[in-house]
């Protein structure tokens, strides 16, 4: 699971997607309001983003997600909230070099 930072979008991961896809199932999401995703409802808080990502992980049936990030992402979207929403087994940590 590749996460973009700030107001970027999944296009930042093009080269990594091509390289990693040979050995892994790789997903680069567009956070709500970024890239090709719908805008979030008005007045949402940062927790909405981690809830949305956790929902995507559950909907896709990913049991052991590993997350990589391009740049720092807001604290509310980081590992701890996602572990609470997806489960302790989630290996949500940036890969080496991120």
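Worth a mention:
- Among 4, 66, 22, sorting on how many other beta-carbon atoms sit within 10 Å of each Cβ, with the fewest leading, yields 22, 66, 4.
- Per-residue Cβ neighbour counts within 10 Å put 8, 63 in the sequence 63, 8, beginning with the fewest.
- If R0 equals 22 Å, the separation of the Cβ atoms of residue 21 and residue 59 corresponds to a calculated FRET efficiency of about 0.60.
Laboratory data are not the source of any read-out in this text; all were calculated from the coordinates shown. Worth saying up front: this structure is predicted, and the values here are computed from it rather than measured. All Cβ positions, glycine included, derive from the backbone under ideal geometry; neighbour counts span all protein chains shown.
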